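Quick notes on the structure that follows.
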Amino acid sequence: MSRFARLANPWIALQKPYQPGRPIEEVARELGLGDVAGIVKLASNENALGPSPKAMEAMRAAIPHMHLYPDGGSFYLRQAIAKKYGVSDDMTMLGCGCNEHAVLLAHAFMDKGDEMVVSERSFVVYKLVASLYHCKCVEAPMRGMTHDLDALLAAITPKTKIVVVGNPNNPTGTMVDQAAVDRFVEQVPASVVTVFDEAYMELVEPRDQVDTLRHVKAAKKPIVTLRTFSKAYGLAGLRVGYALAQPDGIDLLNKVRQAFNVNAMAQAAAVAALDDDAHLEATRKMLRDGRKQLMDGMRKLGLDPVESVTNFILFPFKKAAGLTAALTKRKVIVRPMAGFGLPDYVRVSVGTAKENAQFLHALSEALIELK
């Protein structure tokens, strides 16, 4: 054991860090390539259309001011979000993606020995955050690859402080509907903070989106809705997300967040992106077409992908690690799901038509290699 490990809190020393998707540059080095040309990254659920054009224009305009600290309260961005959702600006708070909000929620509400309830195949960061605060993460069974909200309710005990519903869910790509969410909110105890992680919601067709803000606005129970600019608006590199809750909940989160947690470039880009409806619709169209292209192609190759409403598709494969390696050799990066507790699954992000075609071609070759 190292000197630092002996001095650390034991639950921290045993913590396993989150493993992000492999960057293109790392794969290029592994393959002995001089640059990243020809490599397709379909591992991290990024927006293949790139950033919102309006956001890029705003970022260019912000460059001369990067010697100044950002607005610590993200005033203009909070105003823009509040206007979009019809809430007061004291009902929203900005963070470094939804991940920071998960940490802040645990910091504000959980103590040693408390419990966080999640679904068994939900975002692995929830479990990591619970262990970070020396708390227990209780994983409720799912119904296939979809949340079982009744099972989540049954898993709640007097020790439960937070219950998290990732909807749509990463890594399965499935979503529970409005009626199920409404029933869940009616039954969840008022002593538990209910968190809806909706990082992928804006990728869903508007008619199918679930409205949890109605419950936030009703103020009958402590409910927090999380959204991000990483997915639908193509700003993953800037790491900016936001929480929506009643003012007293936002006040508590502000007490535990660090000053200047959202940089000035991110704030400028996000304000502009909120107004870019054309880019948002183009993203949804790309995903509609891309999901069909990938699902049809994988089924023709004998695979059984999980139906998804998001910008990624999960599919089972016994030799997941081998398949990932075989695809990497063919300049296609996908995500093995062992780190999410799904060792026999692979996740592929939806790319452009050209990127999807490259994946399917590489996949056909890899499957022959692995027979």
Of residues in region 196-217 being closer than 17 Å to Pro247 by Cβ and touching a residue at least 60 places away in the same chain (Cβ under 8 Å), the one farthest from the chain's Cα centre (by Cα): Lys217
Helices (runs of 4 or more DSSP H) fully within region 100-205 counting 1 or more residues that are over 28 Å from Arg291 (Cα atoms), modelled with pLDDT under 95 and in the same structural domain as Ile250 (by TED's automatic domain parsing): 124-132
Restricting region 309-341 to residues that are in a helix (DSSP H, G or I) and over 19 Å from Glu365 (Cβ atoms), the residue that is nearest to the chain's Cα centre (by Cα): Phe340
Filter result (in a helix (DSSP H, G or I) and surrounded by 13 or more Cβ atoms within 10 Å (Cβ to Cβ)) within region 273-282: Ala273, His279, Leu280, Ala282
Qualifying residue in region 296-317 (condition: surrounded by 14 or more Cβ atoms within 10 Å (Cβ to Cβ), small (Gly, Ala, Ser) and within 13 Å of Ser349 (Cα to Cα)): yes
Only listed residue being out of contact with any Leu (no Cβ under 7 Å at 6 or more places or on another chain) and either closer than 30 Å to Tyr69 by Cα or at pLDDT below 95 (or both), chosen from Ala259, Ala273, Ala269: Ala259
Region 95-134 - residue that is under 21 Å from Gly249 (Cα atoms) and acidic (Asp, Glu) and, of those, surrounded by the fewest Cβ atoms within 10 Å (Cβ to Cβ): Asp111
Among the residues listed as Lys255, Lys292, Lys285, the single one being under 17 Å from Pro206 (Cβ atoms), of a type in the set (Lys, Arg) and either part of a helix (DSSP H, G or I) or in the same structural domain as Ser349 (by TED's automatic domain parsing) (or both): Lys285
Residue tally, condition in contact (Cβ under 8 Å) with a residue 60 or more places away in the chain and assigned to a helix (DSSP H, G or I), over region 218-236: 1
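The values are calculated or read from the model by the stated rules, or taken from the named source; none is laboratory data. Everything numeric in this text was worked out from a predicted model, so none of it was measured. Glycine also receives a Cβ, built like all others from the backbone with ideal geometry; neighbour counts cover every protein chain displayed.
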